[in-house]
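These notes concern the structure reproduced below.
The values are calculated or read from the model by the stated rules, or taken from the named source; none is laboratory data. From a predicted model like this one, the values you see are computed outputs, not experimental measurements. Quick reminder, even Gly has a Cβ in these numbers, built from the backbone with ideal geometry, and neighbours come from all protein chains shown. Calculation scope for accessible area: heavy atoms of the full protein, side chains included, ligands and nucleic acids excluded. Shrake-Rupley method; radii C 1.70, N 1.55, O 1.52, S 1.80 Å.
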Amino acid sequence: VSDQATKLRELARMRASEEAVDSAPGSPPVLLAERKHLARVIAVTSGKGGVGKTHVSVNLAVALALRGKRVVIFDADLGLANVDILLGLKPVYTLSDVVAGSRDVFDILLDGPAGVQVVPGASGIPYLANLGPADREHMLSDLARLESAADVLVIDTGAGISETTTSFVSFADEILVVATPEATSITDAYAMIKVISRRERHGRFSLVVNMAQNRIEAERVSGSIRNVAREFLGTEVHSAGHIVRDQHIALALRKREPFVLAYPSSQAAACIRSIAAQTASRIGSGRTQNKISFFSKIRSFFQRSAL
Ligand SMILES: Nc1ncnc2c1ncn2[C@@H]1O[C@H](COP(=O)(O)OP(=O)(O)O)[C@@H](O)[C@H]1O
Ligand SMILES: [Mg+2]
């Protein structure tokens, strides 16, 4: 595993230095990024907290890694159970070290299970928004290097519909909305989809119903959200599948291991593997040519907001 991590870092650094050679001084970063093969960006989000975003992010990332993808998780949620806690990882450096210029983004990556690499949390989207323009530019261009290094970048985003959070989410290739059968979760998921779907451009929506009793309940919940989105917003929300309510999730959390590894024969693990199989087959090789870098879009967003 650590071997794979080292290889990822080497490859990433190599690509990053090629880019530096390629780029004429003053060339626009977005144009440069457009030519590269870049990771598919999956933003995991929800209207309401506590619905299982972090568990979905971590276990989907691991399940995709088990299918041979190079996966990086970016922890952008300031929730209680951070990605690093779920995986029993102890961050040594954080994005603030990147901002300070003493580390680069590859130094702060943590080695997670199955070769998954983690950009540790305690940073969050509000953190980015509060940085000065020069620090933010520096950090975002460093983060953009991750996109050339991975096949899939999974972002665990915060809940809520602030302008900055929803912009971030809308820039992802895939917007994976997590909802539970609870009424408030359903209405909040719909509200989230509504806000994002009104933006000029946004990624493909899909929905995971978490903590369902069974497939039938999940399909009922998923059907109602997808129908309302289609009817009232004209927005197609694809079904990504469901995860049953499963006590193995709490047991795995106690062991600080992803449930898909700690309890591979649990129902929840079967559910997440099926979501990962569907995701992997849809994104194919994962990397997309001629797409605009996610972090470049965020840079442009901040540049526009500053006007
Ligand atoms: N499918 C599930 N079955 C049982 N418990 C779950 C399931 N998914 C999540 N949980 C529990 O719900 C809580 C919230 O999960 P978490 O991933 O931290 O949510 P979020 O990131 O959306 O705030 C955790 O205590 C977790 O163990
Ligand atoms: Mg969370």
- Query: Out of all the residues in the stretch 105-118, is one or more surrounded by 24 or more Cβ atoms within 10 Å (Cβ to Cβ) and within 14 Å of ligand 2 (Cβ to nearest atom)?
  - Reply: yes
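Restricting the stretch 68-78 to residues that are modelled with pLDDT of 90 or more and among the charged types (D, E, K, R), which is least open to solvent (accessible area, probe 1.4 Å)? It would help to see each step written out before you state the result.
Of all residues in the stretch 68-78, those modelled with pLDDT of 90 or more come to 68-74.
Add one more test, that the residue is among the charged types (D, E, K, R), and what stays is 69-70.
On the way: Lys69: 28, Arg70: 61 Å².
Residue satisfying both the conditions and the ranking: Lys69.
So that you can scan it fast, the table gives a plain yes or no per residue for (1) in a helix (DSSP H, G or I); (2) within 20 Å of the chain's Cα centre (by Cα); (3) free of Cβ contacts under 8 Å to residues at least 12 places away in the same chain:
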position: Ser141; (1), (2), (3): yes, yes, no
position: Arg145; (1), (2), (3): yes, yes, no
position: Ser148; (1), (2), (3): yes, yes, no
position: Ile155; (1), (2), (3): no, yes, no
position: Ser167; (1), (2), (3): yes, yes, no
position: Val177; (1), (2), (3): no, yes, no
position: Pro181; (1), (2), (3): no, no, no
position: Ala218; (1), (2), (3): yes, no, no
position: Ser222; (1), (2), (3): yes, no, no
- Item | Members of the stretch 225-234 that are touching a residue at least 24 places away in the same chain (Cβ under 8 Å) and either surrounded by 19 or more Cβ atoms within 10 Å (Cβ to Cβ) or in contact with a Gly (Cβ under 6 Å, 6 or more places away or on another chain) (or both) | Ile225, Ala229
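Would you call Ala81 at pLDDT below 95, within 11 Å of ligand 2 (Cβ to nearest atom) and crowded, with 24+ Cβ neighbours inside 10 Å? Quick ask: steps written out before the conclusion?
Working: at pLDDT below 95: yes; within 11 Å of ligand 2 (Cβ to nearest atom): yes; crowded, with 24+ Cβ neighbours inside 10 Å: no.
The answer is no for Ala81.
Condition check: touching a Phe, Trp or Tyr at 6+ places or on another chain (Cβ under 9 Å), touching a residue at least 12 places away in the same chain (Cβ under 8 Å) and in a strand (DSSP E or B). Does His202 satisfy that?
So His202 fails the test.
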- Query: Is the stretch 152-161 home to any residue that is more than 16 Å from ligand 1 (Cβ to nearest atom), open to solvent by less than 40 Å² (accessible area, probe 1.4 Å) and within 27 Å of Ser239 (Cα to Cα)?
  - Reply: yes
- Query: Does the stretch 166-177 contain at least one residue that is open to solvent by 10 Å² or more (accessible area, probe 1.4 Å) and out of contact with any strand residue (DSSP E or B) (no Cβ under 8 Å at 6 or more places or on another chain)?
  - Reply: no
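Are there any helices (runs of 4 or more DSSP H) wholly within the stretch 235-307 with 2 or more residues that are open to solvent by 70 Å² or more (accessible area, probe 1.4 Å), and if so which?
Values: elements: 248-255, 259-262, 267-283, 294-306.
Here the list reads 248-255, 267-283, 294-306.
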- Message: With the structure loaded, tell me whether Val244 is of a type in the set (Val, Ile, Thr), over 30 Å from Arg136 (Cβ atoms) and within 21 Å of the chain's Cα centre (by Cα) or whether it fails that test.
- Response: no
- Of (1) at pLDDT below 95; (2) within 17 Å of the chain's Cα centre (by Cα); (3) not aliphatic (A, V, I, L, M), Pro258 fails just (1)
